[in-house]
Amino acid sequence: MKKILFFCAATLAMFSFSSCSDAIDYDVDGAEGEGRVFLRPMLNSEVKVESRAILSDDELAENAIIWISATSAKKNGVVRKYKGVQNVPQDGISLVSGSYVAEVWAGDSVPASFDNRYYKGLQAFDVKAGGTTGVTVECTIANSVVAVEYEDEIDEVLTDYVMTVGHKAGSLEYKGRDDEKVPGYFMMPSFDKNLTCTLTGKTLSGGAFTHSITIENAKPMTKYVVRVKHGGPTDDEIGGAVIKIEVDENAVEVEDRYVIESAPTFQGTNFVMSKPVMGQAGQITEKKVYIKSVSGFKDVMVSCDAFSEFLGIGGDDFEVLNMADFIRDVLTEKGFSYQHFTHAEEDVPEADRSFEEMKLIFDDNFMNLFPNGEHTVTFRVTDNNGKTASATMVLMLSDAKVQTAEMDAADAWTDHATLRGTVLKSGLTGIAFQYRASGTQQWNSVAASDDNTPEGTAVSTEISGLTPNTTYEYQMICNEADDVADILTFTTEDTTPLPNASFEDWCIDGKVELLCADKGSMFWDSGNHGSATMNQNITTPSEEVVHTGRYSAKLESQFVGLGIIGKFAAGNLFAGHYIRTDGTDGVLGWGRPFASRPKALRVWISYTPQTVNSKEVVSGSPLKEGDLDQGIVYIALVDNSISKTESGESWPVIVKTATKELFSKDDSNVIAYGERVFTEATSGMIEVNIPLEYFKTDVKASGIVVTCSASRYGDYFSGGRGSVMYVDDMELVY
């Protein structure tokens, strides 16, 4: 039976840390101390249909790539990299305190295959000094899965039948009964979201038969069963009215779940454990901590320095399950209780009977024993397999009525920001924020919340009209405040420009025309490195069509080669670096470091497309002979959740035209995207504005991708020879 496998580092053989890991050791956020991380990649194994010879679950695990990246505002990037789940240290990974993201890729990403599946997973987590963190990365199948089934009566009316399923990037042929119920795996490209299913065959009289349907907006992790039915008597004429193709759509299913133990987990049921509980001493309400363990509980420790002051149990900690009776009596009197749930009932599957839950309850009386100040309550749990995990509840208590809160890293943009704070007492009026540029005297005020907002409520307000690259002070206020709340600061993002964005600076390296002030300061690159091997540069400086200055960048699509030996090359320009040539194909690194978040891209474009001839009609491209070529300009902002390495260089995007590993706006690290497609010639040089649509507003940018191409489908070596795009005066709008 196929299963969902939880590959747990702690159950695998130990390998040498130095030989299996690329480690970068630094203090992520300046805080001292390390914590341990137990990482568990989890792979969805297989759909409930028969399959051909594909990678086994063990092989998928052995070939998986695992990254751990720091996501602190001060330090970010890959800090650990492992090839194979078996090479993740079994005794845990030591990381300095901070915020991280774990990412797992497994399998092969190809447009269409009977053999190759692809899985992706991403999980953010925090490491605290002295703590133990369990991280499970669930890798769900990224493919759309298609299987074909036939009614028995089909063989009475059709012979030599084949079902072809595919999209513009690739297709598969299901050969009659031989491939019945065999799953095919499809990675859906950004430019084609549909799967076309075409049945071809011969009628009993020898005539040709064909019939097609379309699966629109095919989704990942979804199985489509294409059923071919015969709807009439066997002596009827063959036609679309008799033979029907229907599609059943279901989520990918598995037949069983196999769980390898994970560490206990924690959750605050009426507060968020990752954020401090703020309020006034003596006025904090009940708090509950919910703990789950797949392997039961051996011991549950609760500790806090303040316990020795007010509990009277002879120390600053207690163990929940095995405490002495007198300690239990004292804690009950103070307001602590717990509920322990086991699942050993007969109607519970045996594999789940070791699962236990616990709820720790600190009622109003208990919470109000804490004096003013900052207190950390630590929960440390050990399960019956010896795995440990810990979490904390932080209390920040004072007599203040409101509390200014630290803003999130992505809260400050170039001209606006989100201020945050917490109401510490009910019944307040005039709840507001004050802010001003550092070094100035006059405060600006903006309402933060309605009057009589309940205590403990986190509030936020957006302010606008700010100056880029400026530090501001802010504080929360109310009419009843006797003292001034903390004054905190934030700095707006800078309006960072694109280097050499008027394309005035060029240099030559051998035969290659380069966009650079000198060879050491390149921001832009092109496919010239590949085309120059045939003594052609497809991207060049031009004085023919310009907006301002002396030069524009001329992108001209051409056939690059000698005689009939060569390949179509799109005139192109991109922010990044041409890494190397693989045969006749390029390997490109896209995405220059960039920390600002603009609203749009403004650029001046002149475009003249040519028609596509038969030699440029290729698989994967939607262009056919006689079509007019299309140009494109697009921009994307990416975060640092993905870092790909090629030839020793790390980039947020790696493009390999040979294997069609291409950029997609749907990639998990894309936080904003905008594009302009040119389907006809422009009237000379025109101004083009491309707004950015933000998919994530709570994440800061770490890189920018900008690409211009005279042939939109140049990645597939398809387009019109002689299509020309002139690009000038590119500008980011903030």
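Cβ-Cβ contacts under 8 Å between residues 6 or more apart (or on different chains), taken from a first residue in region 314-325 that is more than 17 Å from residue 392 (Cβ to Cβ) to a second residue that is assigned to a loop (DSSP other than H, G, I, E, B) and open to solvent by less than 40 Å² (accessible area, probe 1.4 Å), are listed as 321/297. Hey, can you tell me all the residues within region 471-499 that are within 19 Å of residue 637 (Cα to Cα) and either open to solvent by less than 40 Å² (accessible area, probe 1.4 Å) or outside any loop (DSSP other than H, G, I, E, B) (or both)? Residues satisfying the conditions are 492, 493, 498. Within region 84-109, the set of residues being modelled with pLDDT under 80 and in a loop (DSSP other than H, G, I, E, B) comprises 84, 88, 89, 90, 91, 92, 108, 109. Within region 431-470, the set of residues being assigned to a loop (DSSP other than H, G, I, E, B) and under 28 Å from residue 364 (Cβ atoms) comprises 431, 448, 449, 450, 451, 452, 453, 454, 455, 456, 457. Restricting region 187-209 to residues that are at pLDDT 90 or above and among the polar types (S, T, N, Q) leaves a set whose member that is farthest from the chain's Cα centre (by Cα) is 200. Taken over region 641-670, the criterion of being in contact with a Pro (Cβ under 8 Å, 6 or more places away or on another chain), open to solvent by 40 Å² or more (accessible area, probe 1.4 Å) and assigned to a loop (DSSP other than H, G, I, E, B) is satisfied by 660, 662.
Close contacts from region 404-423, counting a first residue that is under 17 Å from residue 456 (Cα atoms) and a second that is among the β-branched types (Val, Ile, Thr) and assigned to a loop (DSSP other than H, G, I, E, B), with Cβ to Cβ under 9 Å and a gap of 6+ residues or different chains, come to 404/487; 421/431; 422/457; 423/431; 423/453; 423/457. For residues in region 686-716 being aromatic (Phe, Trp, Tyr) and surrounded by fewer than 23 Cβ atoms within 10 Å (Cβ to Cβ), which is nearest to the chain's Cα centre (by Cα)? Selected residue: 695. Considering (1) without any contact (Cβ under 8 Å) to a residue 40 or more places away in the chain; (2) open to solvent by less than 20 Å² (accessible area, probe 1.4 Å); (3) not hydroxyl-bearing (Ser, Thr, Tyr), the lone condition that residue 400 does not fulfil carries the number (1). Give just the number: which of (1) within 23 Å of residue 667 (Cβ to Cβ); (2) free of Cβ contacts under 8 Å to residues at least 40 places away in the same chain; (3) open to solvent by less than 20 Å² (accessible area, probe 1.4 Å) does residue 174 not satisfy? With respect to (1) within 23 Å of residue 667 (Cβ to Cβ); (2) free of Cβ contacts under 8 Å to residues at least 40 places away in the same chain; (3) open to solvent by less than 20 Å² (accessible area, probe 1.4 Å), residue 174 is out only on (1). Look at residue 533 and say whether it is closer than 30 Å to residue 408 by Cα and open to solvent by 40 Å² or more (accessible area, probe 1.4 Å). In short, no. Report the residue count in region 276-313 for those that are acidic (Asp, Glu), more than 24 Å from residue 397 (Cβ to Cβ) and either open to solvent by 60 Å² or more (accessible area, probe 1.4 Å) or under 36 Å from the mean Cα position of the chain (by Cα) (or both). Of the residues in that region, 0 qualify. Criterion first (buried (at least 22 other Cβ atoms within 10 Å of the Cβ), on the phi < 0 side of the Ramachandran plot and outside any loop (DSSP other than H, G, I, E, B)) does residue 726 satisfy it? Considered against the rule, which asks whether it is buried (at least 22 other Cβ atoms within 10 Å of the Cβ), on the phi < 0 side of the Ramachandran plot and outside any loop (DSSP other than H, G, I, E, B), residue 726 comes out as yes.
Within region 533-578, if we keep just the residues that are outside any strand (DSSP E or B) and free of Cβ contacts under 8 Å to residues at least 40 places away in the same chain, the residue that is nearest to residue 606 (Cα to Cα) turns out to be 543.
Would you check which residues across region 314-338 are at pLDDT 95 or above, open to solvent by less than 40 Å² (accessible area, probe 1.4 Å) and not in a helix (DSSP H, G or I) and list them? Answer for region 314-338, where residues must be at pLDDT 95 or above, open to solvent by less than 40 Å² (accessible area, probe 1.4 Å) and not in a helix (DSSP H, G or I): 318, 319, 320, 335, 336. Considering only residues in region 74-83 that are at negative phi and in contact with a strand residue (DSSP E or B) (Cβ under 8 Å, 6 or more places away or on another chain), the one that is modelled with the lowest pLDDT turns out to be 75.
Within region 430-442, the set of residues being open to solvent by 40 Å² or more (accessible area, probe 1.4 Å) and over 40 Å from the mean Cα position of the chain (by Cα) comprises 440, 441, 442. The residues of region 356-388 that are within 21 Å of residue 308 (Cα to Cα) and either assigned to a loop (DSSP other than H, G, I, E, B) or acidic (Asp, Glu) (or both), listed by number, are 363, 364, 368, 369, 370, 371, 372, 374. Residues that are surrounded by fewer than 18 Cβ atoms within 10 Å (Cβ to Cβ) and more than 28 Å from the chain's Cα centre (by Cα) within region 449-462 comprise 450, 451, 452, 454, 457, listed in sequence order. So for region 501-524 (the condition being touching a residue at least 40 places away in the same chain (Cβ under 8 Å), farther than 19 Å from residue 608 by Cβ and not in a loop (DSSP other than H, G, I, E, B)), does at least one residue qualify? Yes, there is a match, as at least one residue in region 501-524 is touching a residue at least 40 places away in the same chain (Cβ under 8 Å), farther than 19 Å from residue 608 by Cβ and not in a loop (DSSP other than H, G, I, E, B).
The residues listed here are 417, 391; of these, the one that is within 30 Å of residue 599 (Cβ to Cβ), assigned to a strand (DSSP E or B) and in contact with a strand residue (DSSP E or B) (Cβ under 9 Å, 6 or more places away or on another chain) is 417.
The values are calculated or read from the model by the stated rules, or taken from the named source; none is laboratory data. Note that the structure is predicted; figures quoted are calculated from it, not measured. Counting neighbours? That spans all protein chains shown, and the Cβs are built from the backbone with ideal geometry, glycine included. For accessibility, only protein heavy atoms count, side chains too; no ligands or nucleic acids. Shrake-Rupley method; radii C 1.70, N 1.55, O 1.52, S 1.80 Å.
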